[in-house]
Each structure stands twice: as C-alpha cells, then as structure tokens.
Amino acid sequence: MRLRACCVYSTGLLCILLLIAGIAMVLSEVFQKLLNNMIKEQIILENGTEAFSVWQNPPPPVYMQFYFFNLTNPAEVLKGDKPSVIEIGPYTYREYRPKEDVRFMDNGTRVQAVNPKTYVFEPDMSRGSEDDLVRTVNIPAVTMMEKYTDSLIRRIISDLMKSKDVGIFTTHRVGDLLWGYEDPLLKMLKVFKILVPDDHFGLFYKKNGTDDGDYVFLTGRQNYQDFARIDEWNGQSSLNWWSSDECNMINGTDGASFHPIVTKTEKLYIFSSDLCRSLYALYESDVSVRGVPGFRFVPPSEVFANNTVNPDNAGFCVPAGNCLGSGLLNASVCKEGAPIIMSSPHFYQADDKFVQDVFGMNPKKEDHETVIDINPLTGLLLRGAKRVQVNVYLHQIPEFSQTGEIRTLVFPVMFLNESVVIDEESAVKLQAVVTKANVLINVPFIVISVGVLLGVAFIVLMCRQQRPESSVAERQPLLSS
C-alpha cells in the first residue's frame with residue numbers, strides 16, 4: 001500500500017513540475033529563441049553555407065514574360081481619338097541569373113558581385129513567336145523630340161523624319177523591339193553629328209548576357225537583418241536621380257532573398273535598378289507553396305502614390321513639383337532622357353484617368369499585382385512575380401507636325417512578368433527544416449501535454465486508491481453480524 005501511495009503522489013508531483021516547466025518555457029519562449037539563434041547563425045553569406053549557394057545561383061527557374069500592346073487605330077489617334085490597343089503575348093524567356101565575380105570584403109561582413117542575366121526564348125511557353133509584328137510608339141523618335149529643345153535642332157530632326165517618312169508610331173518584330181534594331185532616325189542623326197548614344201534601340205538592348213552594375217551586399221554576419229542587403233550599387237551608397245535624400249536611398253535586397261525570421265509587421269524593402277528606385281512591400285496573407293508555409297507581401301498603393309497622397313514621394317516628381325498622378329513613375333531621368341513612364345500593368349492601382357485614356361486597359365489584382373511569397377523562418381523566396389509596365393508620355397509638339405492633334409496621354413507599350421516558384425527539390429529540403437523547427441518550437445507544449453496526461457493518471461489512481469477503502473467500510477457491519 002505504501003509503495004502504491006508513493007507512486008501515486010510521485011505521479012502528481014511530476015505532473016505539477018512538468019506543467020510548471022512547460023508553462024515557463026512557453027512564457028519565456030526559450031525554444032523559439034533557441035531556434036531563431038540557430039537560424040540566424042546558419043543564414044549568412046559565407047562560402048560553404050546553403051544560404052550562400054542559394055544566393056549565388058538560385059535553383060528555382062526564373063521566367064520573364066513580355067506582353068505587348070498592339071495599336072489598332074494610329075490614324076485616329078493622330079486626330080485626337082483615344083488609342084485602342086490589344087494585348088498580345090506572353091513571349092516567354094527562361095532567365096539565368098547567377099552572381100559572378102564574387103569577392104568577400106571587410107572580414108566577411110560584405111561581399112561584392114555582379115548579376116548578369118541571360119534570356120533564352122521558350123516557344124512552348126509563349127503565345128506567338130519573336131517574328132510577330134507589333135505596332136507601337138516610335139520611342140527613339142519621341143525621345144529625340146523631347147530631348148532637344150533648341151528650335152534649330154528640332155527643325156533638323158523634323159525634316160529628317162519627313163524625308164524618311166518616320167512617324168511617332170512604328171511597326172517592328174517582337175524580337176527587334178526587345179533586343180534591338182538599327183533605327184533609321186538615330187542612324188541619320190549620328191551622321192549629322194547630333195549627339196545620340198547609339199544608332200540601335202531596343203527595350204532590352206544590350207541587356208541579354210550583361211549585368212546592371214556592381215553590387216556590394218552585407219553578409220548578415222554582424223546582424224541577421226542585414227542578410228543580402230545592398231550596401232552599394234555602382235560604387236555609390238545612394239542614387240542621384242531624385243530630388244530628395246529619402247527617394248535616393250538604396251534600401252533592401254535585390255528581391256531574390258530576404259533575411260530570416262521575417263515578421264508580419266515589418267516592411268520588406270527591395271531595390272530595383274529597372275525602376276531606378278527602392279520600394280517596400282507589406283504583409284497581406286498567409287500562403288502555402290508546394291507544402292511550405294509562407295507570408296505574402298505586396299507593395300501597397302502608397303508606394304507609387306503621388307505626393308498629395310504620400311508626401312514622402314515628392315522627391316520622385318521630376319522636374320521638381322511635376323507629378324503625373326498616382327500609380328506612375330517618371331523614369332526619364334534614368335532612361336537617357338527617353339519619356340519613359342513606369343507603372344503596374346494595365347495601370348493597376350493608378351488613377352482611373354490613365355485606364356480610361358486607353359481602350360483595352362483592364363487592371364486586375366490577380367494578374368497585375370507584384371507579389372512576394374517568402375518562408376518567414378528562413379527568408380527564402382517561395383514564389384514571386386514582379387510585374388512592371390513600360391509606358392511613353394505623348395503630347396502635341398508644335399515643331400513636329402508628326403504629332404498631329406494627338407491628345408496628351410500615357411501610352412502603354414508593354415509589360416513584363418518576372419516570375420519564380422520554388423522547385424520541388426528545394427521545397428522538400430525546406431519542408432524538412434520547417435518540420436524540425438516545428439518540433440523544436442512545440443517542445444514546451446509536448447511537456448505540458450505529458451503533464452496533463454500525468455495529471456489525469458494521478459486523478460484516476462487517487463480514485464482507485466480511495467474506492468477499496470470505502471468498500472471495506474461498507475462491508476464491516478455484515479461481517480459483525
């Protein structure tokens with residue numbers, strides 16, 4: 001009896017101790033902190049680490065899709081009508097983007113690299129071929145019109161355009177519009193010694209197999225939140241295109257990876273050389289990609305809002321005070337003077353005016369929003385879609401009869417969707433990491449569960465121990481009689 005009682009009370013004592021220990025661990029988050037410290041030590045840009053391997057040469061395939069807007073009524077547009085466009089595409093390319101010339105600096109706290117990108121056409125994933133013809137804005141001609149304000153030079157350019165029957169709209173192959181073609185106007189201007197950067201033009205001219213500059217990244221050795229953060233670009237720690245220090249800041253990573261232990265309340269910053277600026281994304285929802293849990297982050301409308309909605313964006317109004325409207329970015333200052341206006345596809349989240357100015361615009365959140373799905377524990381990219389539209393600012397210029405009676409508008413040329421989804425092999429590896437992490441995090445709850453089970457066992461044993469004593473007491477009178 002004494003042995004049984006000892007076991008019963010030992011069970012009760014162990015139950016209390018386990019419950020106290022489990023609750024204490026939950027309140028102190030000791031295992032969560034242990035896990036976070038382990039992840040912080042492993043997610044670092046250092047030779048031999050898995051994080052460095054993924055950063056240097058990301059295993060998931062990246063695809064670049066181009067969609068063009070084919071103009072159907074050029075003559076009517078020159079008479080003042082709204083342009084009517086039809087979206088064609090996608091024209092899909094596999095994008096290879098390994099980091100090269102990697103060199104560690106400052107005792108492993110920074111790493112320098114370039115990121116050349118190579119594009120290979122994927123006909124099976126495309127709707128059309130590179131030989132498809134597209135009628136769109138003649139960007140070289142419009143650029144020359146805007147770039148030179150001297151009346152004599154403008155007259156020369158106008159006469160040259162008339163001599164070669166060059167208008168503000170042109171038709172070219174998809175492949176030429178992307179990768180470059182010899183432009184007749186630029187060629188003539190070069191002969192006339194009028195300064196032009198090149199006699200070829202293409203939206204991605206000289207961007208296939210080349211990089212966008214030298215990057216210096218922080219490795220995360222000193223602070224895990226600095227993992228893969230850009231410290232310098234082309235030898236500079238800030239930009240010089242915009243009119244405020246805040247807008248000229250180079251913030252965040254290049255969008256291919258992020259720091260570990262991401263929370264729902266933080267802003268994820270990204271620097272995009274295509275957009276010539278930094279931007280940020282906010283948490284939107286929980287997601288699951290190939291069975292791996294993640295957080296979805298998206299850039300809010302405030303990122304591209306005009307200065308009346310978001311005063312912090314006043315520095316992006318160039319020339320100073322010249323804001324086009326919400327949802328647009330005048331990128332001419334970083335596009336060699338070309339009147340390039342950047343936006344989301346179909347003017348998603350832009351002022352409705354720009355949507356209504358062009359027949360054929362149909363903005364949709366699911367098709368035209370930029371999204372970033374990341375695993376919050378490791379910061380690894382699970383799925384991403386960078387969606388950007390290239391537009392051209394058009395208006396009537398008296399010195400150029402070629403502009404006719406065209407209305408002032410932002411004309412859509414094409415938009416791109418640069419997308420990636422984690423591959424199956426990487427997903428399996430990440431699932432294993434997440435499973436181990438969940439086990440470690442749940443240790444306190446396992447301890448509490450064992451404590452509860454022991455508590456139930458203690459109560460049952462106590463009841464059984466008291467029941468025989470009561471039964472003996474009830475039978476005593478019968479034995480006496």
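The values are calculated or read from the model by the stated rules, or taken from the named source; none is laboratory data. None of the values given here were measured: they were computed from a predicted structure. Virtual Cβ from ideal backbone geometry, glycine too; neighbours counted across all protein chains shown. Just the protein is used for accessible areas: all its heavy atoms, side chains included, with ligands, DNA and RNA removed. Shrake-Rupley method; radii C 1.70, N 1.55, O 1.52, S 1.80 Å.
Of all residues in the range 75-93, those satisfying the criterion of being open to solvent by 40 Å² or more (accessible area, probe 1.4 Å) and either over 30 Å from Asn138 (Cβ atoms) or not in a strand (DSSP E or B) (or both) are Ala75, Glu76, Leu78, Lys79, Asp81, Lys82. Could you list, in sequence order, the residues of the range 198-233 that are assigned to a loop (DSSP other than H, G, I, E, B), open to solvent by 40 Å² or more (accessible area, probe 1.4 Å) and of a type in the set (S, T, N, Q)? Matches in the range 198-233: Asn208, Gln222, Asn223.
Note on the range 94-123: residues that are within 24 Å of the chain's Cα centre (by Cα) and assigned to a loop (DSSP other than H, G, I, E, B) amount to 6.
Taking the listed residues Ser285, Ser278, the one that is polar (S, T, N, Q), modelled with pLDDT of 95 or more and buried (at least 19 other Cβ atoms within 10 Å of the Cβ) is Ser278, with no other qualifying. When the residues of the range 299-313 are filtered to those that are in contact with a Gly (Cβ under 8 Å, 6 or more places away or on another chain) and open to solvent by less than 50 Å² (accessible area, probe 1.4 Å), which remaining residue is farthest from Ser285 (Cα to Cα)? Ranking the qualifying residues of the range 299-313, first place goes to Asn306.
Given the criteria open to solvent by 40 Å² or more (accessible area, probe 1.4 Å) and not aromatic (Phe, Trp, Tyr), does Pro116 qualify? No, not satisfied. Within the range 42-70, residues that are closer than 13 Å to Pro98 by Cβ have Cβ atoms under 6 Å from residues that are acidic (Asp, Glu) and open to solvent by less than 20 Å² (accessible area, probe 1.4 Å) in these pairs: Val62/Glu95, counting only partners at least 6 apart in sequence or on another chain. For the range 131-149, the criterion of a residue being more than 30 Å from Phe359 (Cβ to Cβ) and either at pLDDT below 95 or buried (at least 16 other Cβ atoms within 10 Å of the Cβ) (or both) is satisfied by at least one position. Out of curiosity, is Ile157 open to solvent by less than 40 Å² (accessible area, probe 1.4 Å) and more than 30 Å from the chain's Cα centre (by Cα)? Yes; evaluated as a whole, the condition is true for this residue.
Among the residues of the range 372-381, are any more than 30 Å from Ile44 (Cα to Cα) and among the small types (Gly, Ala, Ser)? Checking the range 372-381: not a single residue is more than 30 Å from Ile44 (Cα to Cα) and among the small types (Gly, Ala, Ser).
Restricting to the range 171-194, give me the number of residues that are part of a strand (DSSP E or B) and surrounded by 20 or more Cβ atoms within 10 Å (Cβ to Cβ). Residues flagged as part of a strand (DSSP E or B) and surrounded by 20 or more Cβ atoms within 10 Å (Cβ to Cβ) within the range 171-194 amount to 0. Each residue in the range 370-406 was checked for being more than 30 Å from Thr92 (Cα to Cα) and among the small types (Gly, Ala, Ser), and 2 pass. The residues of the range 158-170 that are assigned to a loop (DSSP other than H, G, I, E, B) and within 24 Å of Asp132 (Cβ to Cβ), listed by number, are Asp165, Val166, Gly167, Ile168.
The residue list Glu399, Glu418 contains one member that is assigned to a loop (DSSP other than H, G, I, E, B) and acidic (Asp, Glu), which is Glu399. The residues on offer are Lys353, Lys386, Lys429, and the sole one that is farther than 26 Å from Ile139 by Cβ and either open to solvent by 20 Å² or more (accessible area, probe 1.4 Å) or small (Gly, Ala, Ser) (or both) is Lys429. A count restricted to the range 64-74 and to residues that are open to solvent by 10 Å² or more (accessible area, probe 1.4 Å) and either modelled with pLDDT under 95 or within 21 Å of Gly128 (Cα to Cα) (or both) stands at 4.
Matching residues to (1) polar (S, T, N, Q); (2) modelled with pLDDT under 60:
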{"site": "Ala24", "(1), (2)": "no, yes"}
{"site": "Glu29", "(1), (2)": "no, yes"}
{"site": "Gln32", "(1), (2)": "yes, yes"}
{"site": "Leu35", "(1), (2)": "no, yes"}
{"site": "Ile39", "(1), (2)": "no, no"}
{"site": "Leu45", "(1), (2)": "no, no"}
{"site": "Ser53", "(1), (2)": "yes, no"}
{"site": "Pro59", "(1), (2)": "no, no"}
{"site": "Val62", "(1), (2)": "no, no"}
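Of all residues in the range 140-157, which are over 21 Å from Tyr181 (Cβ atoms) and assigned to a helix (DSSP H, G or I)? Of everything in the range 140-157, those that are over 21 Å from Tyr181 (Cβ atoms) and assigned to a helix (DSSP H, G or I) turn out to be Ser151, Leu152, Ile153, Arg154, Arg155, Ile156. Scanning the range 234-249 for residues that are more than 27 Å from Pro376 (Cβ to Cβ) and either hydrophobic (A, V, I, L, M, F, W, C) or open to solvent by 70 Å² or more (accessible area, probe 1.4 Å) (or both) gives Asn234, Gln236, Ser237, Leu239, Asn240, Trp241, Trp242, Ser243, Asp245, Glu246, Cys247.
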